[in-house]
Amino acid sequence: MSMEKTFYFTGGKTPPETFPTDALALISQKAIKKIGGAFAFYPRQHEYSSYSDLGYKGLREVVSLRYKRREGVALPIDNIVVTSGSMQAIELVGRALLKPGDIIITEELTYYGSLEFFRYLKLNVIGIPVDDKRGMEIDILEDTLKCFDRLNLKPKIIYTIPNHHNPTGAIMTEKRRKRLLDLAYSYNIPIFEDDCYGDIDFYKDRKPRSINTLDDEGNVLFVGSFSKILGPGIRLGYLYAKDNYLNTILSHRWDLGTSVLASIIVAEYLKEKMWDHLEKHIKVIKRKMDITLKALGEYAGEYTKCTPPRGGLFIWVKITQNIDMEKLSLYAERRNVKYDEGKLFHYRERELKALRLSYAHIPDEEIPIGIKRLSEAIREAII
Ligand SMILES: Cc1ncc(COP(=O)(O)O)c(C=O)c1O
């Protein structure tokens, strides 16, 4: 077989085939005509952004409705800021609330984009172990907080991905979410809830409510994205926070706002089509996840283990035998297969016998070929 083609099981990409190209092309014309010459203004100079840095109102309304459908309560639109992807929201929070040397608590494994940014800010990142199914280990969090308290040290924020945790796919149980909130109240630490994958759920039964919904003291900063329900090239996300945090965060924003052009197109489309689109989108992702899991079972079942995720875009694969991870990377490269190495997600970049596969952007028929090659590389790297 020709080895020329490279299989990229990397990055949190979406299926190109579910991107609503035609619908967006049609709606763009209508959407742009709706506000026409108002594009001559900076967002904060116009009514369409409520004369503020919050961003296009129509998109904030969509965010609010999206939240209401899942959580049963709407988010107040004046506390939502539209951002350039959720990564900008993370950046804004980091720059506004954190400074070098500050302690930040995260899951021991977490999204490497956030981790890299926290390192860039020179934060002292403390990782709490995470259970593949039930999320952050709250008993260990409690011990850690007690320990810091005894030392007279106070973590500044707890960053968590409770839904479809990246990379493990865990869903933090509601009991753990409530305990996390109680701990955060008693130690007076805000929670930074990253809900990037919250709506990519393969099953209809209810997930636990978001930590933000369970919170009644305004102690949660909540970040969401349009990247994973439409496509990351859209670059739209948002942050929700209570006034006190929001005002501080906005005072650290210098980019003059998020594209109103992108916002209005997405808002007009999702206003009408969000749930139909999501249903189709999720069905395709689930199908690809099934294909990936089946191929993994067939070709690498003897030496790998994974918890089938109930949503999100990743499969966290643990290698159950002794393996040389450096060699694996080399052997996979030789077979033109790329994956995200487990250590990238570890708060201290510890070498792990694990890797993260991203499959949603790969054509169905190519997935088994790529997984077969990866499995051969794993077999070869086993010691
Ligand atoms: C957990 C998590 N948060 C945030 C992001 C940033 O996504 P975006 O800026 O495209 O919304 C990602 C991207 O993969 C992610 O996995």
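Restricting to segment 328-383, give me the number of residues that are among the charged types (D, E, K, R) and in a loop (DSSP other than H, G, I, E, B). Spell out the reasoning first.
Of the residues in segment 328-383, the ones among the charged types (D, E, K, R) are 333-335, 338, 340-341, 343, 348-351, 353, 356, 364-366, 372-373, 376, 379-380.
If we keep only those that are in a loop (DSSP other than H, G, I, E, B) as well, we get 335, 348-351, 353.
Going through segment 328-383 one residue at a time, the tally reaches 6.
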> So which of THR83, THR21, THR10 is touching a strand residue (DSSP E or B) at 6+ places or on another chain (Cβ under 7 Å), modelled with pLDDT of 95 or more and farther than 26 Å from ILE315 by Cβ?
Replying inline: THR83
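Here is a yes/no grid of residues against (1) surrounded by fewer than 19 Cβ atoms within 10 Å (Cβ to Cβ); (2) assigned to a loop (DSSP other than H, G, I, E, B):
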residue	(1), (2)
TRP275	yes, no
PRO308	yes, yes
ILE315	no, no
GLU326	yes, no
> If you scan segment 222-277, which residues turn out to be near the ligand (Cβ under 10 Å from one of its atoms) and without any contact (Cβ under 8 Å) to a residue 12 or more places away in the chain?
Replying inline: GLY233
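Out of ILE291, ILE323, I need the residue that is among the hydrophobic types (A, V, I, L, M, F, W, C), closer than 23 Å to THR6 by Cβ and under 25 Å from the mean Cα position of the chain (by Cα). Which one? Break it down stepwise before answering.
Details: ILE323 fails: under 25 Å from the mean Cα position of the chain (by Cα).
Among ILE291, ILE323, only ILE291 is among the hydrophobic types (A, V, I, L, M, F, W, C), closer than 23 Å to THR6 by Cβ and under 25 Å from the mean Cα position of the chain (by Cα).
Of all the residues that make up segment 49-66, how many are among the hydroxyl-bearing types (Ser, Thr, Tyr) and in contact with a strand residue (DSSP E or B) (Cβ under 8 Å, 6 or more places away or on another chain)? Let's see the steps before the verdict.
Restricting attention to segment 49-66, the residues satisfying the condition of being among the hydroxyl-bearing types (Ser, Thr, Tyr) are 49-52, 56, 64.
After this cut, where a residue has to be in contact with a strand residue (DSSP E or B) (Cβ under 8 Å, 6 or more places away or on another chain) as well, the list is 56, 64.
Here the count works out to 2.
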> Name the pairs whose Cβ atoms lie under 9 Å apart, with the first residue in segment 141-163 and in contact (Cβ under 8 Å) with a residue 12 or more places away in the chain, the second surrounded by fewer than 22 Cβ atoms within 10 Å (Cβ to Cβ) and of a type in the set (Lys, Arg), and 6 or more positions between them or separate chains?
Replying inline: LEU141/ARG179; GLU142/ARG179; PHE148/LYS154; LYS156/LYS99; ASN163/LYS207
> From LEU221, LEU180, which residue is part of a helix (DSSP H, G or I), crowded, with 20+ Cβ neighbours inside 10 Å and in the same structural domain as GLU71 (by TED's automatic domain parsing)?
Replying inline: LEU180
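Looking only at segment 88-125, how many residues end up being near the ligand (Cβ under 9 Å from one of its atoms) and closer than 28 Å to PHE148 by Cβ?
Here the count works out to 7.
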>> Go through segment 188-209 and report how many residues are closer than 27 Å to LEU97 by Cα and within 14 Å of the ligand (Cβ to nearest atom).
In response: 7
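The values are calculated or read from the model by the stated rules, or taken from the named source; none is laboratory data. The structure presented is a predicted model; accordingly, all values stated were derived computationally and were not measured. Please note: Cβ atoms are built from the backbone with ideal geometry, for glycine as well, and neighbour counts cover all protein chains shown.
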